[in-house]
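**Q** Take a look at the following structure, please.
The values are calculated or read from the model by the stated rules, or taken from the named source; none is laboratory data. Here the structure is a predicted model, which is why all the values come from computation and not from measurement. Glycine also receives a Cβ, built like all others from the backbone with ideal geometry; neighbour counts cover every protein chain displayed.
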Amino acid sequence: MRVATTLLVTVGLVASLAACSSTPTPDSATGDCAVTTSGSASDSVKVTGDFGSVPKIDFDFPIDPKSTERTVTIEGDGDVVKTGDTVNVQYTIINGTTGEDVASTDYTDETQQAFPIDDTFIPGIVSTLECSTIGSRVVGVIPASDAFGETGQSDLGVAAGDSIVFVADIVSIDVLPTPKAWTDNVPEVTFDDAGLPTVTLPDTAAPSDLQLAVLTEGDGPEVAEGESVVMNYQGTSWDTKEVFDQSYGGEPATLSTSGVIKGFAAAIVGQKVGSTVLVVIPPELAYGTDPAAAQLGGQTLVFLIEIQSIAE
């Protein structure tokens, strides 16, 4: 028997939950939304407590279904979570094989996590959250094949072949901000003979909000949320005036709109393939306002982005 009421808050969990297996086939479908149904394993996990509070979780272990099972213990009445969304959740994860704590939030706003609903994330977690409604508490019992597979995740205390139990309160869908048109003090962009860009920032204070300039508009399809995009990019810090990262000079990068900072995602979603854009991103939409929390924390960033194609 395993009873959990509190768990360790794990910083950087989202990076540890990158997908390591293919997305499972859903058990059934309703309209365009693939629903993962409940089963004896997920129904056997007893969860008590109010939505938004630390749950008490009770189940017998080891627990190891053949495929991911999902049970709704509190039914919300908000929007339906769909592929391509990013959802804000409070969660608890327990090792279903050993009954040991894996990770959780503490069910406060400060520890709420954003999870992408796409193929960059652990398939069983995606299956548990997808098609649920905002305001719901859901239970996913996830076999190793839909979790960390035959490699495990030692940093989280999950061995090869271990199942996990995932309990999540689905708080909201994370909506991307809409950039303003960047018309004043737009940096000059030039390219050398080798195709390498130089972005010359003006000697002015950094803009305080998200702004976008379309330098060249393409004629291809528009980038949708959740898609992976092949691109060239260059990132410059307005604070240091230095380039901190770029794909120019090497192979183009393939990045998911749900796997990048919010300001970057907002710059490319809705843009047409073939477009070149320049975006300025304030700290709160980049790496946060605290300089001690991240290498680029507290800095305003400028990205030059050339959208080449939608990744297959």
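**Q** If T86 satisfies every condition in (1) surrounded by fewer than 17 Cβ atoms within 10 Å (Cβ to Cβ); (2) in contact (Cβ under 8 Å) with a residue 60 or more places away in the chain but one, which is the exception?
**A** With (1) surrounded by fewer than 17 Cβ atoms within 10 Å (Cβ to Cβ); (2) in contact (Cβ under 8 Å) with a residue 60 or more places away in the chain applied to T86, the lone miss is (1).
**Q** While we're here: What are the residues in region 144-175 that are in contact (Cβ under 8 Å) with a residue 12 or more places away in the chain and in a loop (DSSP other than H, G, I, E, B), if any? First the steps, then the outcome.
**A** Restricting attention to region 144-175, the residues satisfying the condition of being in contact (Cβ under 8 Å) with a residue 12 or more places away in the chain are 144-149, 151, 153, 155-174.
If the condition is that a residue be in contact (Cβ under 8 Å) with a residue 12 or more places away in the chain and in a loop (DSSP other than H, G, I, E, B), then A147, F148, G149, T151, G157, A159, A160, G161, D162, S163, D174 are the ones that fit.
**Q** Report, by residue number, each residue of region 110-121 that is under 19 Å from E150 (Cβ atoms) and buried (at least 24 other Cβ atoms within 10 Å of the Cβ).
**A** Within region 110-121, no residue meets the criteria.
**Q** Restricting to region 150-198, what's the tally of residues that are of a type outside the set (V, I, T), surrounded by fewer than 19 Cβ atoms within 10 Å (Cβ to Cβ) and over 30 Å from D209 (Cβ atoms)?
**A** 12
**Q** Further, regarding this structure: Kindly evaluate A103 against the criterion of being closer than 21 Å to V260 by Cα and not in a helix (DSSP H, G or I).
**A** no
**Q** Now, a different point. If you check T86 against the conditions, is it modelled with pLDDT of 55 or more, within 21 Å of T111 (Cα to Cα) and of a type in the set (S, T, Y)? Spell out how you get there, then give the answer.
**A** Numbers: modelled with pLDDT of 55 or more: yes; within 21 Å of T111 (Cα to Cα): yes; of a type in the set (S, T, Y): yes.
So T86 passes the test.
**Q** Here are some residues: T92, T111, T105, T86. Which one is within 15 Å of the chain's Cα centre (by Cα) and under 15 Å from P55 (Cβ atoms)?
**A** Values: T92 fails: within 15 Å of the chain's Cα centre (by Cα); T105 fails: within 15 Å of the chain's Cα centre (by Cα); T86 fails: under 15 Å from P55 (Cβ atoms).
Just one listed residue meets the conditions, T111.
**Q** Still on this model: Answer yes or no: is there a residue in region 269-277 that is free of Cβ contacts under 8 Å to residues at least 60 places away in the same chain, surrounded by 15 or more Cβ atoms within 10 Å (Cβ to Cβ) and among the β-branched types (V, I, T).
**A** There is at least one residue in region 269-277 that is free of Cβ contacts under 8 Å to residues at least 60 places away in the same chain, surrounded by 15 or more Cβ atoms within 10 Å (Cβ to Cβ) and among the β-branched types (V, I, T).
**Q** Using the structure shown, decide if G297 is under 25 Å from G195 (Cβ atoms) and surrounded by fewer than 21 Cβ atoms within 10 Å (Cβ to Cβ).
**A** no
Residues are listed down the side, and each one gets a yes or a no for (1) in the same structural domain as S228 (by TED's automatic domain parsing); (2) at pLDDT below 95; (3) not acidic (D, E):
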site	(1), (2), (3)
Y107	no, yes, yes
F115	no, yes, yes
V126	no, yes, yes
F166	no, no, yes
D169	no, no, no
